[in-house]
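None of the figures in this text is laboratory data; all of them are computed from the coordinates on show. Small disclaimer: the values here were computed from a predicted structure and weren't measured. In this analysis, Cβ positions are derived from the backbone assuming ideal geometry, glycine residues included, and neighbour counts consider all displayed protein chains.
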Amino acid sequence: MKYPAATSSTTSPTTSNHTARVGHMDNKHRADSERRHNDMSRLLAQVEEAVRVIAPLWPLSTFIAVNPLWDLRSMSFYDAIDYAAQILEIRGYPTESFFAEAYTSGRVTKNDIQAVISDTDISYEIANTIDCRMYNHQNEESSEVAATGNKTLQNSYSNDTLLACAVDRELTKWCAAYAGGMLPDPVKNGFYRTWRNIVGSDPTARRIAGKEGRKQLATMPENPIDTISKCLDRLSIAENDRVRELERRLARTLGWSGYAKWRSYWADNSTSRPALTIVDLLAVRLSYETVLRHKDISLPSAHLGTLFTHLRRKGHLDTRGRLDTRDRLDTERSRPHSIPATTLDTPATTLKRVWLTAYENHYRDWLLKALEKPLHPTSTRPERPAAQAIFCIDTRSEGIRRHLEAVGQYETIGFAGFFSLPMQYLPLGSAEYVDQYPVLLTSAIQVTDEPATKAETLVNRHITGIQELAAASYALNSARKGMLSTFMLAEAGGFFAGPLAAAKTLAPGYYHKLRDWTHRMIVPYIETHSKYDNSISVVEQVSFASNLLTTMGLTRNFAPLVLLCGHGSTTENNPYASSLDCGACGGNRGAANARAGATLLNQPDVRSLLKEQKIIIPDDTIFIAGEHDTATDKITILDLHLIPASHIDMVTALQADLDRAGTELATERTSNLPGANTKSKVALPVGRSADWAQVQPEWGLAGNAAFIVAPRELTAGVDLGRRCFLHSYDSDTDDSGTVLETILTAPMVVAHWINAQYYFSTVDLEVLSAGDKTAHNIVAGVGVLQGAAGDLQVGLPVQSVFDGNRPFHEPMRLLAIIQAPQAKLESIIARHSVLRELFDGYWIHLVARDNPYDRWKIRHPGGVWQHWEPAE
Amino acid sequence: MNIIYYLGTVGMHSMLIGRICLIGAVVVPLVAVAVSLVDDGLSGRRKATRLGWVSAAAAIIATIMVALNGPYSVTLNGGNGSPVFGLLANQLTVTLLVLVCVVGALVQSFAVRYLQVDQVAKRFFAATNAVVASMAIVCTSATALVLVTAWVTAGLAFVVAIGYRSDLPGVRASARLTLKMFALGDTALVVAMILIWMQAGNVSLLQPALTVSVASRLSKLSTIIALLIVIAALTRSAQAVLGRWMPGTVSAPTPVSALLHAGVVNGGGILLIRFSALSSNSVLAMSAAFAVAILTAIVATTIMSKKTDIKGSLAFSTMGQMGFMLAECTVGAYIAALLHLIGHAMYKATMFFGSGSQIPRAGQVPVPPVKRVSTPIRLAATAMTVAGSLAVMVIVPEVLTHHGELIIMAFVAATVAAICWSWWGICPATPRTIIFWTIGMLVAGGLYGLVAGLLGSWMTPALPSVGSGVLSPWWLLSVAVAGIAIAGINQVPAVRNRLQALLIDIGTPSTSIMIGREQGRIRGGGDSLPGYSYETPNTWSGSAA
């Protein structure tokens, strides 16, 4: 199997509906219609260009970490930030006080900074400034704040801004109603047409636009693209300014624009999610603006009071801590006097680039030094390990691999957790397929659960049970919304719910057990196995199997047990649960892929055909599936009924070792879980997982920093602190470079997305983070609001990246460490524009060496390689 | 002042434990306020929570003492022998006391973990305990003056709880609006209290009969006083325009909402019942309160069904539920109102606590069943389950002995019918399902009947007598009429469109809250362009240098 090139320039379903109707016109109007057609396609192109500044936002049922600036990647990291800062008002770098604290604590040193400066064209004076800026940052930032505050207070808000606020309110109101299915759209007209049908009845439209204005809104052209065109003309926005103006309009509701972008460009065509596309969104916003443009949008004075209070506060965004560490730094200890203070006027961004790079290089130096150890003595490794365990490249797998290797003769391998199976998975009794593959790919196979038992009654009970639970929740929900039933439901329901709520709060562990038991009573567990769709021939299955084995480099020396271990996270009451699941499985749990992979590799006909490709799997080797629950660090071996009697003892032994490793990893993790420093069991990993009051059940991928592509020998025995994506790769067995090409264009891009998502959510809590989880308000089942109303939140919540008011995640760009020949790397980079953009545009740092005996070399943009010298 | 205070001696010797627990339940939360303010950090919050449970335990023991020995009180009496300050423990007050204290403790237990990284959570714990202490006094106060004072304090403490995270979007606007509206409602109550004081002094609530006789002395002002009390109750219980403050409060962290919906918003009902003698004699006040409450029940519930954000939907649901509860008060169905107040408190706290569970994961939509029940059988099954549940409920003794309970049974029947009808619409028809479902509904109906019957007969002796101003319970059925009417006019497309737009619009907070929530995220940018531009207060340090 080949991965398609990783790129977002997929076909554009945004416009297919709307352009279709252009075409059957009278002959005499042909010229007209052609010109119109050109206009429309130019406008569509402009919309597509404008939408680059927005990142797609997946529904929360499958949270996907994205680089918020992904479509700006043709610019460099720095330029993209500058650009987005103008449009989205994002903050692209950590604050100066963040760096100041890093400097104070030794996390970044003078040598690091000097090393960075010597690599750049920054003059010595500026370098000096950097130091004194650090010591003066406090005054500087507060004066900046003061200036802002004054400016804001002096300027009264113009009508335009108030208009924009009013339109925001209307747009988010309709978006939430439409996405939540509250606007009737039986024939799938799309958001714009549905809005147009109802806005004529909207009281607020009448109030702010007047009766005439409301009528204008309701009589806008039927086709949204016509509306956009008409409105842009009416607003007299010049052709050259269009992209910029559209960008700014999309940026005002970053969340809903992101959702619309996902719906337009990334969603599966068969999706049942409401058709809220970018064109629709823009058409609605521009309609309001056009009609309201000359209206006086005045807010009552009390409302203005609110507005100004908030803007005044804006200067103090950080008084509550979060990124700002001013208070703690306000001590003399952070001010060594040895460095002369000069005041040169250096652009803040330049300084931050230097600081960020130095901060990253410090970690790079630490990591490369940590990897410098005597080569793992291969002679002490057993000829054939007791078992081989394949884990996802997810950073959390590093911990479990380290501990598993420590408890027994196990070999572990890192590989993308969907096991090269881009499959749509249908759980038993489910009506909807789950996309179990990275969002950059498309599905190729369908896998279903097939009951292993022939006892039909049990299967029926299982399916009936699922249907009963769905019916119960539907019935309660209907009664909740019914005028006659809602009152008694709440009253009577309260007497049942109250004691349960107390149990859930006071004894979450026991409640969880009780609930699981009840669930098993209603939906009895039945043994199943993965079944591939009949249309997949054995030959195709073999190609999946050989691709899987060769990409992970497991083609010989098979152990008697090979564990394919997916991962997922069991958490309670967590809207962001999917952000803790397997990103390679499209934000879902990874068990299905592990099971499908094991099934595939255990098939005798697949194995016999693999022999033709010189992959000889011994008859005594079996593949088993497992799932690592990253919240509890328990690893469950799945489908025990499929394990032959000959291997049962081995599997039992393996399970015992997995339990030991898991327990040790959980203990290790406890040290930095917030609030876990008590004797209370509910604060420990297992307790947190079942606790509905827990907003930080685990740290997820926070801390992720590097992507290491090398044999496990390079990293074995080193405690990498669950911060590295580990992809196993042996350059010697990959002469053609195709495996490396796959790794760089798919898993590395996924790792980069995750890394960039964590980076931006950490450095920009205001715009690119989802804000405080404790005030989240789920809307329309697709996302969260912060508080009572407004825009969808994008990115990760504060609790995912911050520990109290200190960043837990260290914001750094991804460091790719690859053990492969330079020439091979360069030829792959040359073939893929996305890799050139990422490596040459400072999005990812690349360090490589040809072989274990070589020195590490750093790749600078443009393909300049330089030997790694750690800053002393 | 020539009043001499001395310790009341009413049966002090016999029920010392009960009295100590009664005082403890009220005072311990005050200690917790101090503890959480002094001890910043996790340990302080844990201590406050433990004290919360101590107070809940004290309330429960106080209840047991009432069950064993009957009502008792702790009072500080004035010179004329009537109480000045004091707490009263009877079946009604201790039940409410347990509700308030347990809710407070549970909210804190939840919040200890939920707010574990919140830097200013001590303010939440302090405010929560202050709310609990003052609501505990509202529930148990022996005199009108103390009740009114505690009521005002509870409101202020709750405003602090809403506003404790002023950095969150919309929180300041919401806290300010709540303060304003509470000020309005509480002023009404304070004025009422002044009027009462001028006419009758500090009214004792120790004996219902005594209170009634005092109330009769207010003859001229009684209607005004009743109206003022009603305004206070309607404001606190978020009714109609007086409830404008409610939707914005979901901007505050979840535990604040749980506290509000379980322990604060039901204050209106508590006030009307405890001040029954002062408010329920006025036909005008009761009619006005009924009209406002029932309208809110209808409108807010309809808006709720159109809200797509979970917390907003819960907030409007509460407004509707409180409307129904207050309407029950105005028809004199006090037991029904109390049951609703208690049941709804637990229900809404649970819903808010679990409000993060509303994201369905992929693959959870089940295959539709092969065999479904046909419509006639669906009808029959629904009817039989309704009849069965009602029968099981009625078998429980004393369910039907209270004022207005018959009407409530109609609502119960409608609820069972709605659940069953929806259930049989999508559920597979297997013998097992039919048996389990039917038994389940009957058991649930029976259990609820049991709880309602027991709680009802437990509280009845302590209930104030119902005044002459209350309406007939049959008026409650206007909710049903409205429900059917709305369903009916929804069949007319033109009306449906209008109604839908209207409901969606009312349900969305105003622009000021929206701007508030922007919190400086007024975006736009770059150079001003000819003809059109958004203003850009560009303030990010360094990002666009």
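By the count of other C-beta atoms within 10 Å, a proxy for reagent exposure, A:ARG595, B:ARG217, A:ARG722 are ordered fewest to most as B:ARG217, A:ARG722, A:ARG595. Neighbour counting of Cβ atoms within 10 Å sorts the residues A:TYR511, A:TYR93, A:TYR758, fewest neighbours leading, into A:TYR511, A:TYR93, A:TYR758. The H on the amide N of A:ILE818, modeled in the peptide plane, is under 5 Å from the matching H of A:VAL709, A:VAL847, A:ALA848, A:ARG849, each at least 5 residues off or on a different chain.
Excluding residues fewer than 8 places away in the same chain, name every one of the lysines whose C-alpha is closer than 29 Å to that of A:LYS634. Those lysines meeting the cut-off are A:LYS504, A:LYS513, A:LYS531, A:LYS679, A:LYS681, A:LYS773. Scanning chain B for DSSP H helices at least 24 Å long along the axis (C-alpha atoms) with a Kyte-Doolittle mean no lower than 1.6 picks out B:16-38, B:91-114, B:144-162, B:283-304, B:405-426. Taking the fewest neighbouring Cβ atoms within 10 Å as the starting point, the ordered list for A:LYS352, A:LYS611 is A:LYS611, A:LYS352. Working note: Karplus 6.51/-1.76/1.60 with θ = phi - 60° gives region A:433-444 the couplings 6, 10, 7, 9, 7, x, 5, 6, 9, 10, 6, 10 Hz, where Gly and Pro are set to x. Taking square-rooted eigenvalues a ≥ b ≥ c of the alpha carbon gyration tensor, is region A:463-522 rounded, prolate or oblate, where a/c under 1.5 means rounded and, failing that, a/b exceeding b/c means prolate? In terms of gyration-tensor shape, oblate. Per-residue 3J(HN,Hα) values for region A:416-421, derived from phi via the Karplus relation 6.51 cos²θ - 1.76 cosθ + 1.60 with θ = phi - 60°, read 4, x, 9, 6, 6, 10 Hz in sequence order (x marks Gly and Pro). Cross-link reach is defined here as a Cα-Cα straight distance under 19 Å, omitting same-chain residues fewer than 8 places apart; for A:LYS295 the aspartates and glutamates meeting it are A:ASP160, A:ASP168, A:GLU170, A:ASP202, A:GLU212, A:ASP233, B:GLU535.
Neighbouring Cβ atoms from other chains, within 10 Å of the Cβ of residues in B:476-489, number 2 on average.
Report the calculated FRET efficiency for A:ARG42 and A:ASP268 (r = Cβ-Cβ distance, R0 = 30 Å), to the nearest 0.05.
Computed FRET efficiency for A:ARG42 and A:ASP268: 0.55.
Cα gyration tensor of the protein assembly as shown, axes a ≥ b ≥ c as square roots of the eigenvalues: rounded (a/c below 1.5), prolate (a/b > b/c) or oblate? Taking the square roots of the gyration eigenvalues as a ≥ b ≥ c, the protein assembly as shown is prolate. Protection proxy ranking, highest mean first, for peptides B:318-326, A:622-630, A:845-853: B:318-326, A:622-630, A:845-853, where packing is the per-residue count of other beta-carbon atoms within 10 Å, averaged.
Quick one: dipole size for region A:360-472, taken about the Cα centre, charges +1 on Lys/Arg Cβ and -1 on Asp/Glu Cβ, in debye to the nearest 20.
It works out to roughly 420 debye.
Straight-line cross-link reach from A:LYS369 at under 24 Å between alpha-carbon atoms covers these lysines, not counting any fewer than eight positions away in the same chain: A:LYS110, A:LYS857. Beta bridges per DSSP, both residues in the protein assembly as shown: antiparallel share near 55 percent.
Using the Cβ-Cβ distance between A:ILE522 and B:ILE20 with R0 set to 56 Å, the FRET efficiency from 1/(1 + (r/R0)^6) comes to roughly 0.75. FRET efficiency for the pair B:ALA387 and A:LEU514, taken as 1/(1 + (r/R0)^6) with r the Cβ-Cβ distance and R0 = 25 Å, rounds to 0.20.
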